[in-house]
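Notes for the one structure printed next.
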Amino acid sequence: MEAVRLIRASRQALADSEDAAEIMVEVWQAQALAQAVGGRLAVSGPPELRGEALGLTELTGRGCGALDRPDLGPGDLRAARLTDVGDARLTLRCLGDLLGEVGMALVGLASAAADESTYWQCMEAIDAADEARDRVLEMLRRLAARDETTGEGEGRGGEGAGPLVRPAGSLP
């Protein structure tokens with residue numbers, strides 16, 4: 001399944017979660033999906049993203065490791081259904097949104113945690129999600145810089161286009 005569809009399904013599942021246990025499962029699922037997307041980009045994504053994508057897989061792996069592994073049945077792991085990243089820019093935008101929502105959900109869980117173990121799991125996972133989101137934003141910046149250099153960002157209604165820079169001494 002295409003990455004954006006899986007990310008959207010994860011966002012919806014996280015939004016629909018009703019209790020702490022469900023939220024923790026969806027947070028783990030989101031981290032695993034981000035790890036899978038990072039792995040795909042590291043292997044076959046645009047060359048300028050590969051190092052950051054590898055870092056994304058490491059960070060989200062740490063996020064999964066901070067949480068208790070959920071008891072998922074066969075076929076329940078969304079990350080295992082990833083077949084294609086598709087448009088890297090769109091995928092990264094959606095993934096950044098998902099990771100931001102994961103962080104907010106974890107803050108809510110941490111503040112309501114009944115025990116210290118859950119609190120610290122949430123804190124570690126918040127840190128991993130935040131750092132992973134930073135990596136995603138850096139990859140988006142690299143794509144924008146590449147587009148600016150190659151001129152691919154022009155004519156797209158502002159999408160991916162940076163500010164207009166005039167050569168020194170040129171007239172406006």
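The values are calculated or read from the model by the stated rules, or taken from the named source; none is laboratory data. Only a predicted model underlies this, so the values are computations on that prediction, with no experimental measurement involved. All Cβ positions, even for glycine, are placed from backbone atoms using ideal geometry, and neighbour counts span all protein chains on display. Accessible surface areas use protein heavy atoms only, side chains included; no ligands, DNA or RNA. Shrake-Rupley method; radii C 1.70, N 1.55, O 1.52, S 1.80 Å.
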Inside region 97-108, can you point out the residues that are open to solvent by 20 Å² or more (accessible area, probe 1.4 Å), touching a residue at least 60 places away in the same chain (Cβ under 8 Å) and within 14 Å of the chain's Cα centre (by Cα)? D97, E101
Restricting region 39-72 to residues that are free of Cβ contacts under 8 Å to residues at least 24 places away in the same chain and in contact with a Gly (Cβ under 9 Å, 6 or more places away or on another chain), which is farthest from E2 (Cα to Cα)? E58
Criterion: at pLDDT 95 or above and either outside any helix (DSSP H, G or I) or of a type outside the set (S, T, Y) (or both) - qualifying residue of A30, A114, A21: A30
Name the single residue, out of those in region 41-71 being within 10 Å of R135 (Cβ to Cβ) and of a type in the set (D, E), that is least open to solvent (accessible area, probe 1.4 Å). E52
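So that you can scan it fast, the table gives a plain yes or no per residue for (1) assigned to a helix (DSSP H, G or I); (2) at pLDDT 95 or above; (3) under 15 Å from the mean Cα position of the chain (by Cα):
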| site | (1), (2), (3) |
| --- | --- |
| T57 | yes, no, yes |
| P70 | no, no, no |
| D76 | no, no, no |
| L95 | yes, yes, yes |
